[in-house]
1. Could you compute how much accessible surface S168 exposes when probed at 1.4 Å, giving the result in Å² to the nearest 10?
2. Heavy atoms of the protein only, probe of 1.4 Å, neighbouring chains included. What is the accessible area of H177 in Å², nearest 10?
3. How would K42, K165, K90 line up by accessible area, probe 1.4 Å, largest first?
4. So, in nm, how far is label F37 from label L74 when the simple model puts each one 7 Å beyond its Cα toward the Cβ?
5. Keeping all protein chains in place and using 1.4 angstrom, which order do L58, L12 fall into by accessible surface area, from largest down?
6. So what are the ³J(HN,Hα) numbers for the range 75-80, from phi and the Karplus equation (6.51, -1.76, 1.60; θ = phi - 60°), rounded to whole Hz, Gly and Pro as x?
7. Keeping the other protein chains in place, figure out the carbon and sulfur percent of the accessible area of the range 68-122, with a 1.4 Å probe.
8. For S39, S53, what's the largest-to-smallest order of accessible area, 1.4 Å probe?
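The values are calculated or read from the model by the stated rules, or taken from the named source; none is laboratory data. Bear in mind that the values here come from a model prediction, so they are computed numbers and not experimental data. Methodologically, a virtual Cβ is constructed for each residue, glycine included, from the backbone with ideal geometry; neighbour enumeration extends over all protein chains shown. Only protein heavy atoms, including side chains, enter the accessible area calculation; ligands, DNA and RNA are left aside. Shrake-Rupley method; radii C 1.70, N 1.55, O 1.52, S 1.80 Å.
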Amino acid sequence: MSIQTDDNETRLQSSYLEYLPALFRSDEFLGRFLLIFESILKPIENTVDNMASYFDPLLTPQDLLPWLASWIELVLDPSWPEQRRRELIKSAAELYLWQGTKRGMVEYLRIYTGTLPEVTEHIEGMRLGSEARLGISTKIGSAGGGNHFTVTIDLNDDTTIDIEKIVSIIEAQKPAHTIYTLHVNNNPGTGD
């Protein structure tokens, strides 16, 4: 934006002069005049040059997170910590892929709570043991009582995690034909 002259004085000149024919490049007035346009257009050029950063959930400014989330039909909870909202947007495509599965639910709950939940599936069916006998009372597969699973999450006592939000995540992520039990264990004194 400035050039050094033979007299060791600094003159302000626009870098846009280099895009003009050689005849105009030495015009001092034109160099200062183009500074007006450069001062207006340079921030726009910088924004366009860094456009990819606005689409990266880990780099985009915090104010743009809801806008970025809206592109993938995701509504962010503003009470979530910023880093977890960023991770949710980043993982959204994979979460959609695994929706309705144990893996998808565990990952979504891990992002929200910051801890890895334990999901235990209770499947009634064939029982092997000393009392197992092949015959009329043999069960293979479900007993017809519905598929049931238990979600166990260990949280800190000082955590601000909303249990109702955990329930809504489980409801949204579980297969429609299943029922579940939620166990939340509070662990005092451990950090997040």
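1. Surface accessible to solvent at S168 totals approximately 50 Å².
2. For H177, the solvent-accessible surface is approximately 120 Å².
3. Numbers: K42 75, K165 55, K90 130 Å².
Sorted descending by solvent-accessible area, the residues read K90, K42, K165.
4. 4.2 nm
5. Numbers: L58 80, L12 105 Å².
Of L58, L12, the descending order of accessible area is L12, L58.
6. 9, 8, 7, x, 7, 5
7. Working: 1710 of 3130 Å².
Looking at the range 68-122 in its full context, I get 55 percent from C and S.
8. Working: S39 70, S53 45 Å².
Descending accessible area places them as S39, S53.
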